[in-house]
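Data first, discussion second: the structure below is written as structure tokens.
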Amino acid sequence: MASTMPNTAALSNSGDKTEKTLASSLGELVQASKNLPRRSNGVGSLRRSLAEIRRRAMDMRKYNKEGAKRNPYSKVHYLMMGKGITIEDMEDELRSIDVRPVGSDASAVVPGRRQAAGKAEKADGAGAFGDVGDYMAVQRHESILSAIEQSLSTSARDFDRFVSDNVSAEWKKSTRNVESALQSILKPAQQPQPQPHARTFDKEKKTALAWRSRPSTNILSAQYTFEDVGKDASSAARANPNVSLALRRKFELYAQVVYNLNEARQAGRWYPICTVFADLAKHEMTTRAKQMHEAWMIVRDVCGEGDAEREEAKQRRVAGAGSANSASSASASRPARLEERKFARAYTGEEAQLRQKIVARSRAYLEEQFLDHVTELYAKVAGGAAPASNAQKVQKFVELTRKSKNGKWKVENLTFVNLVPIWATLFYLMRAGCYDEALALVESNVDGFQKLERSFPLYMRAYCASAAHALPADLHDRLANEFNQYFRRLGAQKMDPYKYAVYKLIGRCDLARRDLPSVALTTEDWLWYHLGLVRESGSAGVDAGAGSASAVSAVSAGSADSASSAGADGAFDGPLQPEIYRLGDLQQAVVSLGASAFDGSRSNPLYLQVLLLTGQYERAVKHVFESSEMDAVHLAVGLAYYGLLRVAVSAGGAESTLGAPDAPAIRLMHVSAQGVASIDFPRLVGHYVRAFKLSDPRVAAEYLVQICMCQNTQNPELEKQQIAICQQAVRDLVLETREFVILLGRIDKSGSRVPGVVEKRRKLLCLDDSTTFLHNIAEKAARSAEQEGRPYDCILLYQLAEEYETVLATVNVLLGDFAAAADFRTPLGPVVQADRILGEANIVKLARRLLKMYSGSAEMLARTSASRRHTCDALLQLIDLFVDFTSSAPDLVDILARVKSLGLTPCSPDLSMDRIRAKADEFSALDQPLARCVPNTLIVQMSCISQLLYDLQQGIDAVRFDRLAGSQTNGSKDEKIRQLRLMSKYCMVYAGMVQYKMPQEVYRTLVSLEADV
């Protein structure tokens, strides 16, 4: 510091000169200070690099040394002393700053950095400035560690969030299932009128996502409802089969029928499903059961089950078969009249022949029903009288119903022949289907017909002789002319109303006016009369009223009980127009009238029967659904079995996306622009199955199989879609119920399959062989479970799919997760020996069973790789090692020996650095489950070494180390300590090489253990 100060003796000899020089220097400084950069002048400050700053500092130091040629900074200390700052204080302050720790820290973190820093300081004498590089190296090192730490924490948060979402989703799903199961059991409380916010919540609930990412494709989801069915009606119809004993009994009986149906379908046999369901409904004593019994009888007659059963009984009588095999032999010898999906192609193709058959069968059913009613009424009146003919019964019926109590006829202008109301009796004979008796009545009273009616016996003969009850074209024209002339001339007040009805029925005259004046018709009478007017074919022999296509005019439907007069003045003016009255016109009339026109009587509602008799099977299913979901589903199954049910193309498709806010509403019945109705059959079945899918998964599978009942349609794409929906529903059932053994079967110890319900029904699911079944059901279900984060379900499903390699891969991942997350502070033995771990199956026991099973089966062994089996075995050994390590009295030497035998980490005193480096390079080649276990293995290894060193130093059991020392079995205590320290050193060297591939806290733990060593 002395070399930098001026000579005080020289200053005292030249005082005046010094004062002048000082004044001029101060003036120069003041003038120069004006040229200094200011913040307000807009000139920025200079930014120099570290190298430039170092060079400038070196220049300053060079000129301040003794012997320098010039010293431009020799007078600065006067200015500083004037401000109270001394150079000595500044020097002491600078010397008190310790810049060495920066270099020291760098040397401690980075190997070899301490010596390099010392050499650099000695080389240029700038130790403080030379430590900047070390400081930057430390910062870079810390940044790398921080980035790795942040990456690990981010991954941990993502994993925790994934687990939380899945647990929350499954909890919400379970809650919905419980609510759905208890909804019909708990009596709904009286709720006030919903407020706007309540409606908003309902809307959000409808559009909320159900369990899994795509709830719309899951027809078993409890999230959707049918928008075209009222909420009140839907709630009343939906019943839990477990709510009462009676309902449970009905559920079991109907489920048994569905099971028998599937058995017959699988064996290729015909099954009389309508007859069976009709018998079941007959035994119930409720109005709904009576209604369903009639409905099943209608479908039975339309399909021809009664004819087939009578033919079968006849064959049995002829063969004299009384054994149990008679039914099957008769069924086998029966002509191919009734079979599964027999009417599907004709019904979906809108064939006129099938529609005419429906009309004829429906009319015959009504005639038989009416004859039974007449017979029952006659039996009540006649008492024990002798049996009467059908004509006598009908005559008695006319007297009882058309006469008042005082003996007067209720209907005026009746025509009597031999004291018999001839036209009324003739009408009701035809109404009862007694066409032979009607013809006999006409033949026996030919003389009684008037002049204009003399041709009527000819018309009657032709009408009764025709199987379709239609007149030939020539006779139809004659009858139409007579009808037009007679009833135009005769007013409504003078004609016999039953004569008018008979002429209209036989000749199908004036179809624009289809009502019957002054004739009291019941609902059944009205329907029978309109069915008699319906014609589908255009040929003269079948449709007497058909003309050219240009002459056909549309007709409007009339009311069932219209009171308008067809014989009013001027009612028949104008030329006769040939018209067509088809089944579709009658269907439109029924729909326009609605259920209120036919369900006037609560004790005998008839709308369902009317819908079935007019061939509107889809509307019938929807109507039944509003009162009983169970009956609606089984009616739909029966109709689908014979192909009499149109299935909606949109079922489960893209337009049914439930989660989208703008998605169209899910409807039970769809109506096309042409007015053709169709039922969402898959969702109908799924809506019913979801109530008992958890309690009765076997029964649920039997019902879901019905969705594939879609063959013989004229839409191949629809068939493929229905099959895909059915198979997806089965997969959803497997995943939601987790009844893998019941549904998919199991694989025994020998490797042979024990089939479950789904595999037994693979033919009905359109899965031709076991390979297709495994791919479409088990394997796809396993993939879905894997996407949803359900690894334990994946193991079972992949095992059932015979994907043994994938099973081992999944098991190894779970074993690796378990071993990597092991907590050494608590014993692992009780955890490993328990039946379940964290609510799931014990993965350790499961892995042992699988390895044993695969080793015992050559087929399974051939389908698994040796590397997978080796990894699984190594993981099991590691878990056993961890269990022993956390036990109350671990054998540390044995644990180290087992660690050495595994070969995951260097665990020997006889190693070279090359071998350790090679072992570190092998870390990247390890299977991921094994690599995740290396950190815990290192901790166990270092813990054992530390404890053994402590025991040796304390003189505790020094002999037991001989088992690990190998050739040094007779070594001294110091030799054993040296070997343990070498093992610790090699372990830490290895850990340092792979520290960035491990959690940072593991490396800290190892460093702490090394300090103890």
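No lab work stands behind these numbers, since they all come straight from the coordinates. As the structure is a computational prediction, the values presented were derived from the model and not from experiment. With ideal geometry, Cβ positions are generated from the backbone for all residues, glycine too; neighbour counts draw on all protein chains shown.
Annotations for the structure displayed:
- Summing charges over neighbours of Ala821, with a neighbour being any other residue whose Cβ is under 14 Å away from its Cβ, gives -3 when K and R count +1 and D and E count -1.
- A simple count of charges around Ala595, restricted to other residues whose Cβ falls under 13 Å of its Cβ and scoring Lys, Arg +1 and Asp, Glu -1, yields +1.
- Debye equation applied to the C-alpha atoms of the stretch 806-890, log10 I(q)/I(0) at 0.12, 0.15 Å⁻¹: -0.37, -0.55
- With only Cα atoms counted, the stretch 891-1013 has Rg and Dmax values of 14.0, 41 Å.
- Dipole magnitude of the stretch 891-1013, debye to nearest 20 (Cβ charges: Lys/Arg +1, Asp/Glu -1, about Cα centre): 160
- Net charge over other residues, Cβ less than 15 angstrom from the Cβ of Ser155 (K, R count +1; D, E count -1): -1
- In order along the stretch 706-714, the phi-based Karplus estimate (6.51 cos²θ - 1.76 cosθ + 1.60, θ = phi - 60°) of 3J(HN,Hα) comes to 5, 5, 6, 7, 9, 7, 6, 8, 9 Hz; Gly and Pro are listed as x.
- Each residue of the stretch 924-941 was assigned a 3J(HN,Hα) from its phi angle through the Karplus curve 6.51 cos²θ - 1.76 cosθ + 1.60 (θ = phi - 60°); the sequence is 5, 8, 5, 4, 4, x, 5, 4, 5, 8, 4, x, 5, 5, 5, 5, 4, 4 Hz, with glycine and proline shown as x.
- The H on the amide N of Lys403, modeled in the peptide plane, is under 5 Å from the matching H of Lys410, each at least 5 residues off or on a different chain.
- Once backbone amide H atoms are built at 1.01 Å from N, Gly745 has Gly756, Val757 as its partners under 5 Å, excluding neighbours fewer than 5 places away on the same chain.
- Within the stretch 852-900, all pairs of alpha-carbon atoms sorted by distance into 5 Å bins from zero give the percentages 5, 18, 21, 16, 11, 12, 10, 5, 1.
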